[in-house]
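A short worksheet on the structure shown next.
Each value in this text was obtained by applying a stated rule to the coordinates, not by laboratory testing. On a predicted model such as this, the values are computed, not experimentally measured, just so you know. Cβ atoms come from the backbone with ideal geometry, glycine included; neighbour counts cover every protein chain shown.
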Amino acid sequence: MAAPHLFLEASKVPCANDEKPRIGRERGDERIARATNAMLTRIDARWTVRSLAKIAGMSRAAFARLFWKEHGAPPLKWLTAQRMRRASDLFADGDGTLSNIAKVVGYESEFALSRAFKRHFGVAPAVYRSQLRVGRAEPTMALAA
């Protein structure tokens, strides 16, 4: 069962509940699409604005400005939202450990992922999982600022 994106409405980065990240020419600038594809393909990599701008063949400032224009958020904030989306899917899909999921989505430790998840969604991963198990459609949570 695919994870319902229960928390995405409260995230700091705009993203509709079931909206998939748009990549390629349909989204706009080809250079931004290359960087976006790279992030989504290697979501676990240690991306920097510099490394993404290099993929795009642009300066850091020009890349950041155009990325924001196309995605509505700075590159690394957008990447964090994609990582959190992927983590929430993995938590909902089964029995992956927090440690394993952390590595898959680019965090070096369980603690780092847990902290980022709670900051992004307002609830800890364990709370998210338990609310899914009991079938609550709308988990209680604090809205992210």
The extension gain from Arg119 to Arg60, computed as 0.36 nm times the residue separation minus the Cα-Cα distance, is 18.6 nm
Within the stretch 32-87, DSSP-loop trypsin sites (Lys or Arg not before Pro) with at most 16 other C-beta atoms within 10 Å are Arg42, Arg46
Restricting to Cα pairs under 8 Å and 6 or more apart, the percent relative contact order of the stretch 12-133 works out to 21
To the nearest 0.05, the calculated FRET efficiency linking Asp44 and Ala112 through their beta-carbon distance, R0 being 22 Å, is 0.95
Here the stretch 75-83 yields Karplus 3J(HN,Hα) values (6.51, -1.76, 1.60; θ = phi - 60°; whole Hz; Gly and Pro given as x) of x, 6, 5, 4, 4, 4, 4, 5, 5
